[in-house]
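The values are calculated or read from the model by the stated rules, or taken from the named source; none is laboratory data. Treat the numbers as computed from the prediction; the structure is a model and nothing was measured. Cβ coordinates were reconstructed from backbone atoms using ideal geometry, including for glycine residues, and neighbour counts include every protein chain displayed. In case anyone asks, the SASA skips ligands and DNA or RNA and just uses the protein heavy atoms, side chains included. Shrake-Rupley method; radii C 1.70, N 1.55, O 1.52, S 1.80 Å.
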Amino acid sequence: MKIMIKIGDVEIKGKVVLGPMAGVTTLAYRDFMKPFGVALSYSEMISDCGIDYENKKTYAYLITSKVDRPVGLQLFGSSIENTVKAIGLIEKVADYDILDINLGCPVAKVTKTGAGSSWLARPDALEEYMKAVVAASHKPVTAKIRLGKDDKSINVWEVAKMLERVGVKMVTVHARTAAQMYAGVPDFECIRDLGKSLNIPLCISGDIFSADAAVNAMEITGASLVMVARGGLGNPRLVTNINNRLEGKEEYPEPTILEQATWAKQFSEMLMAQLGERVAVNQLRGLIPHFFSGFPGYKKIRGQISTNIHSAEDLYKILNGIIDRYSK
């Protein structure tokens, strides 16, 4: 039986959340991952200014489907005025369940505008910003944060409690500082039992590459949910096995290369249907090799895909070759 968790009035059936990743969590990727046991998925980061200026590429991030539910749209911004305006526009055109605010992205092109993890260095201003966001949104608001700006300014406990106080319905913590980016080891001990101190769900994030890692992070932090991001890229069964572990069910063995190739082809077809062949192929050059990491011949396959793929025909020739070879 799936464990129910409520984020505001939205019921989440399961404990694995698909984390937002720029250039990865397209609608096609979210639809592809959903059957593996994703309880809640998030879109790629969406710029509030891109929405306000009615940028067509930005508006494309708002697309959802009946499969992709419940789904959160993740917004980032640096001013109350721009973000509140964007929320109003999004609510007019998008079909979604949750609004997520990115307060954790450490990438310079985001933080230099005052958005993302740069908010963590301005907690008083952040409180006013999030009050306005919660007031403006007719959907439950969640937020993703980090431990702090750097190891000398860790304020995750204070920020998490403040977010709960202003009406945020779930907090996700990536257990690194902004200064760490994605390097080093996540410090789950820094937020030991944080989830037990909150009256809203805590989702934990950071290097979730195995069911063991998921359970360990949740046990230390008292989190109700776990976010899979890079760990699930090319490894969709990870989501299934985390769910099975948490539900006391038997875990599946490591997938075979035949299964991986079959899933890679399925995802490729879905992405091409969404984005068109040319755009999808450009993305797939970087995404499909992840499905073959750790298998014999990985370097050769990665080289073929990343340098020799110029069309759907080129990609399917490689994938069908692997499928045919290992089907015998």
Gain upon complete extension [residue 215, residue 298; 0.36 nm per residue less C-alpha separation]: 27.0 nm
Low-density loop cleavage sites - chymotrypsin sites (Phe, Trp or Tyr not before Pro) in region 32-124, where at most 15 other Cβ are within 10 Å (DSSP): 53
More than 24 Å apart - percent of Cα-Cα pairs taken over region 79-192: 23
Per-bin percent of Cα-Cα distances, the chain [20 Å]: 32, 58, 10, 0
For the chain, calculated [θ]222 nm from helices alone, where every DSSP H run of n ≥ 4 adds -39500 (n - 2.57): -13000 deg cm²/dmol
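Please report the antiparallel percentage of the DSSP beta bridges confined to the chain, to the nearest 5.
If we restrict to bridges inside the chain, about 15 percent are antiparallel.
Tell me, what is the FRET efficiency for residue 55 and residue 108 to the nearest 0.05, using R0 = 25 angstrom and their Cβ-Cβ distance as r?
Numbers: r = 21 Å, r/R0 = 0.83.
The value I calculate is 0.75.
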Between region 268-284 and region 62-132, the Cα center-to-center distance that results, in Å: 27
Rounded if a/c under 1.5, otherwise prolate or oblate - region 153-199, Cα gyration tensor axes: prolate
Stretchable slack from residue 151 to residue 250, in nm (0.36 nm times residue separation minus alpha-carbon distance): 31.7 nm
Percent accessible area from carbon and sulfur atoms, the chain, protein chains only, probe 1.4 Å: 53
Å² of accessible area per residue within region 175-221, as computed with a 1.4 Å probe and no ligands counted: 43
Computed label-point distance, nm, for sites residue 230 and residue 93 using a 7 Å Cα→Cβ extension: 3.3
Mean separation of Cα contacts under 8 Å (6+ apart) over length of region 51-105, as relative contact order %: 47
With all protein chains modelled, accessible area of residue 15 [1.4 Å, Å²]: 50
Spin-label pair residue 22/residue 81, simplified geometry with 7 Å Cα→Cβ offset, distance in nm: 2.5
Pair residue 290, residue 6: separation of 7 Å Cα→Cβ label points (nm): 3.4
Sequence of 105, 190 from largest to smallest accessible area, 1.4 Å probe: 190, 105
Heavy-atom SASA rank of 295, 209 (probe 1.4 Å, accessible area, largest first): 209, 295
Length-normalised contact order for the chain - Cα pairs under 8 Å, 6+ apart - percent: 14
